[in-house]
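Following: one structure in structure tokens, then a few remarks.
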Amino acid sequence: MKKVAACLLLILCLCIGITGAEALSIEIVAPSEGSRILAPKRDFYVIASLDREGQTPEGKPFNVRFELSLNGNPTPLRTITSAVDDNGLTPATAIETDYANGWTPATSADIVASPLPDLVFDPAQPSSKLDPEKKAVVMEYYAAALIQGGCTKDFDTDYDSKYSQDLEDGSYTLTITAVGKDDGLVLDTESIDLTFGSVPDKILSRFSPAEHMTNVTAFAEANDSHMYLDLFPGYWDAKTLPHGTEPSTLFYEIVKRWRVSDTLEYLNGTVRGIIYCVHETSATQAVEIGGMASALLLDSDSMLWYYYDIGDTTVKYDTGNGSTAEKKGSIVAFDADDRLVLTRAEIRGDGVTEVPEADYVCSPDLADKQVDWNVSNGVFVKPKQLLSIFGAVTPIQPDPEDVVANDDGTYSVNNRIATVHYSVLDGTTEVLSFDAKLVKLIRYGINGDKASIYEFRHDIPIPDDFDSPLTVKLSAFDSHGDPVEGTSETFVMHLNESSSGGCSTGFASLLALLLIPLLLIKYDRSRWEQ
């Protein structure tokens, strides 16, 4: 009896050992939870983490099959299957490291170490580089597939020869299955539900710098608004992939693929656009805003615009009593029909000596200025000081001929709020008028030398003989010189009488220091100039 029990125990142990040796756990990490509503016809990545539970890839090689089915139809609309070698990985020879329409700063070795599925083909069939059913990769810690929905069917693919149906609105099931390379046995499987349709509420914003990203994330959560954080197909950032001890640094871009899918996501639903550090070549401008402009959506009721109430994420400033402080910005909405807001005024200089040229650089993190947080209530300045007016504008809907679709998936938007006109009044008499103050802002240390095209800092050197209140009126014009409604603002410059302000050199100093061309309409020279 004891011998029988011992035999049974041995058999049980062997079974447990075999089960443990062949165990595998797969988990779909993209599309991630909360990101499983996709725009109709868009391409997307499926990424799965692989827990081999102690096995090496060559110890138990397997392939991964990716299937997408429309609910109610048992036949998959898409089936993509990997082809690993005896090492249990997608072979290097099956990865097109010299793909003509891709770009990376990395090496071929980097690509092979963390390949994107877009580059996979059957090396025995060179024409399979265009086969959408080959676009799957299996590595030690992840498996991934590119699933094409129809939006890029004319770009580097045999889509039409493989698929008769685009991924239109509807409910779908995505299933991934790991099967043994040699025996075809199912090792693990997982399914999730996907919906092709409209994300009801979404964020349009730059995701850098870090403080801004933190603010945008909190804003999105507070408004139950979606942020697109999963990788778009053709935008491969390998450091985000499941990995071992060290993530890969590979970045690889196929612009004609990812930009189309990115654009599609902003053509429906409520879009909350946040104006901050949007430069001309950013994806926010050239892809997302550009795509919406092309679709005539920038003036739609579903497009909501926001800005930082102080014009920046954080501003450090001189409190005026020998100490410094900082103020955090909050993301707030533009008022209805308002296309221009003044966010703060900065005052530099002691009123005695001229402000140095270095003070004309925008550095929100330097406490080298005093700040008025409510410009509309008036600002107090001394002669010889530098008054800097900060503000933000919204994009405007251009005419169709002002939006050009480029070959690389970007859009050139050739009309926006471009300049601000200032008029200075002494009572009801205009003493100065100047145009061509450009709407752009370069922040020192952010975006390099790329200007934010929906924000501005306009510098006004205060003349030596300034001694009584002046009213400043401003309004904006588009790229064609036409006035833009909703851009009129007014504030008063008051004399700060806490000190005398130094000797008088007259109004000529104001003209000399303005940073951009002025159109002088009229002024009282006896008052402003010696």
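The values are calculated or read from the model by the stated rules, or taken from the named source; none is laboratory data. Predicted model, so just to flag it, every value in this text is computed and none were measured. Because the Cβ atoms are built from the backbone with ideal geometry, glycine has one as well, and the counts that use them run over all protein chains shown. The area values use the complete protein model at the heavy-atom level, side chains included, leaving out ligands, DNA and RNA. Shrake-Rupley method; radii C 1.70, N 1.55, O 1.52, S 1.80 Å.
Say we look at the stretch 86-108 and pick out the residues that are closer than 24 Å to Tyr252 by Cα and of a type in the set (Asp, Glu); which of these is surrounded by the most Cβ atoms within 10 Å (Cβ to Cβ)?
Within the stretch 86-108, the match that is surrounded by the most Cβ atoms within 10 Å (Cβ to Cβ) is Glu96.
Residue check: is Ser82 among the polar types (S, T, N, Q), open to solvent by less than 30 Å² (accessible area, probe 1.4 Å), assigned by the TED database to the domain that holds Ser191 and in contact with a His (Cβ under 9 Å, 6 or more places away or on another chain)?
no
Which number in (1) touching a residue at least 12 places away in the same chain (Cβ under 8 Å); (2) at positive phi marks the one condition that Asp359 misses?
(2)
Evaluate the following for Val112: is it surrounded by fewer than 20 Cβ atoms within 10 Å (Cβ to Cβ), aliphatic (A, V, I, L, M), touching a strand residue (DSSP E or B) at 6+ places or on another chain (Cβ under 9 Å) and touching a residue at least 12 places away in the same chain (Cβ under 8 Å)?
When the stated conditions are applied, Val112 passes them.
Looking at the stretch 50-75, which of its residues are touching a Phe, Trp or Tyr at 6+ places or on another chain (Cβ under 9 Å) and either open to solvent by 20 Å² or more (accessible area, probe 1.4 Å) or assigned to a loop (DSSP other than H, G, I, E, B) (or both)?
Across the stretch 50-75, the qualifying residues are Asp51, Arg52, Ser69, Leu70, Asn71.
Since Glu133 meets every condition but one in (1) surrounded by fewer than 20 Cβ atoms within 10 Å (Cβ to Cβ); (2) part of a loop (DSSP other than H, G, I, E, B), which condition does it not meet?
Status for Glu133: all satisfied but (2).
Could you grab me the full set of residues in the stretch 413-448 that are open to solvent by 60 Å² or more (accessible area, probe 1.4 Å), under 27 Å from Leu474 (Cα atoms) and in a loop (DSSP other than H, G, I, E, B)?
Asn414, Thr428, Lys440, Ile442, Tyr444
Provide a single number: the residues in the stretch 213-245 that are touching a Phe, Trp or Tyr at 6+ places or on another chain (Cβ under 6 Å) and at pLDDT 95 or above.
Going through the stretch 213-245 one residue at a time, the tally reaches 10.
Given the conditions (1) outside any loop (DSSP other than H, G, I, E, B); (2) open to solvent by less than 30 Å² (accessible area, probe 1.4 Å); (3) closer than 18 Å to Ser452 by Cβ, and given that Ile310 satisfies all but one, which numbered condition is not satisfied?
Of everything listed in (1) outside any loop (DSSP other than H, G, I, E, B); (2) open to solvent by less than 30 Å² (accessible area, probe 1.4 Å); (3) closer than 18 Å to Ser452 by Cβ, Ile310 misses just condition (1).
Just to be sure I understand the filter: pairs with C-beta atoms under 8 Å, separated by 6 or more residues or on different chains, first member in the stretch 258-287 and under 21 Å from Lys153 (Cα atoms), second member polar (S, T, N, Q) and open to solvent by less than 40 Å² (accessible area, probe 1.4 Å). Which pairs pass?
Every condition considered, the pairs that remain are Arg259/Thr410; Val260/Thr152; Ser261/Thr152; Val287/Thr263; Val287/Thr410.
Consider only pairs whose beta carbons are under 8 Å apart and that are at least six residues apart or on different chains; among these, list those whose first residue lies in the stretch 463-480 and is farther than 12 Å from Lys437 by Cα and whose second residue is open to solvent by 60 Å² or more (accessible area, probe 1.4 Å) and among the hydrophobic types (A, V, I, L, M, F, W, C).
Filtered contacts from the stretch 463-480: Asp464/Cys503.
Any residue at all in the stretch 378-392 that's open to solvent by 60 Å² or more (accessible area, probe 1.4 Å) and in contact (Cβ under 8 Å) with a residue 12 or more places away in the chain?
yes
Which residues, taken from the stretch 273-290, are assigned to a strand (DSSP E or B) and open to solvent by less than 10 Å² (accessible area, probe 1.4 Å)?
Gly273, Ile274, Ile275
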